[in-house]
Amino acid sequence: MHRNPALSRNAPEAVRHPGWPGLLGACLALAVLPAAPAQAGVGDDFGTRDPAVCLLRYDPAKGAPALAQAARYFICDTEKVGDMGASMVLVDEVRLSIDAKGRAYDPKADDFAIHADPALPVYPISGDFRLYQCGRKTSAEWMADPGHACRYEEYFRRSGLCWKNLGGEWHCAIPYHVKPTRSVHSVAPPRPGDYLATGADPFAKLGGSPAKPTPAKRRKSHR
């Protein structure tokens, strides 16, 4: 076993699933830590779009983030190359709500809100989303069915937070459990621009999606 750096100090250690080497098994995973900006084109190694990156995180200066802002921060904090480079984590079908009133930061209940400024309110969020884990093109899953080396799990009515860190940057996270037995396997990754359940692109007003355009791949229906 190894410790995933995205887990808080109080979370149990990650367990690899033998059928998915390099991907998290049934464990507590947190869409939390701000990672270094993803290198453009990193998705090519997985046959996926690049993970979303939020380079500017200072808006709003006061009060709660708007829904579109919360969605962007949540997506950017969730999407990443994970498990020491073995998997690409992406989301789509995101639908969020936010409590604009906010509440005081609780160091025990909110310990996943890494580097949160305790002097500022935090804003509870609730949401649905579909989380993908995609293996590299060198993985057995890709070799068996090129372009369909992903699995996904759907999460509904999950609770999390948006908060400002000590540097004044916004982050939004929803804790989730990854359970391979509830996952849909051997699927294509989400397409560029596919983020929200409404079909809108939350990055469109910022000059376009942060995802690198890639040719559309055939998708299998699992609904």
Calculate I(q)/I(0) for segment 97-151 by the Debye formula, one identical point scatterer on each C-alpha and no solvent, and give its log10 at q = 0.16, 0.21, 0.22, 0.27 Å⁻¹ to two decimals. -0.64, -0.77, -0.81, -1.04
For segment 143-171 and segment 96-139, compute the distance between their C-alpha centroids and round to whole Å. 10 Å
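How long are the three semi-axes of the equivalent ellipsoid of segment 133-179, in whole Å, if each is the root of 5 times an eigenvalue of the C-alpha gyration tensor, listed from largest down?
Details: eigenvalues 214, 47, 9 Å².
Equivalent ellipsoid semi-axes, largest first: 33, 15, 7 Å.
Write down Rg/Rh for segment 64-174, rounded to two decimals, with Rg from the C-alpha atoms and Rh from the Kirkwood relation over Cα pairs.
On the way: Rg = 16.1 Å, Rh = 15.1 Å.
On the Cα set of segment 64-174, Rg over Rh gives 1.06.
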Per-residue Cβ neighbour rank within 10 angstrom, fewest leading, Lys101, Lys137: Lys101, Lys137
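Read-outs: derived from the displayed coordinates by stated rules, not from any lab. Predicted, not measured: the structure shown is a model, and the values here were computed from it. Here Cβ is always computed from backbone atoms with ideal geometry, including for glycine, and neighbour counts include all displayed protein chains.
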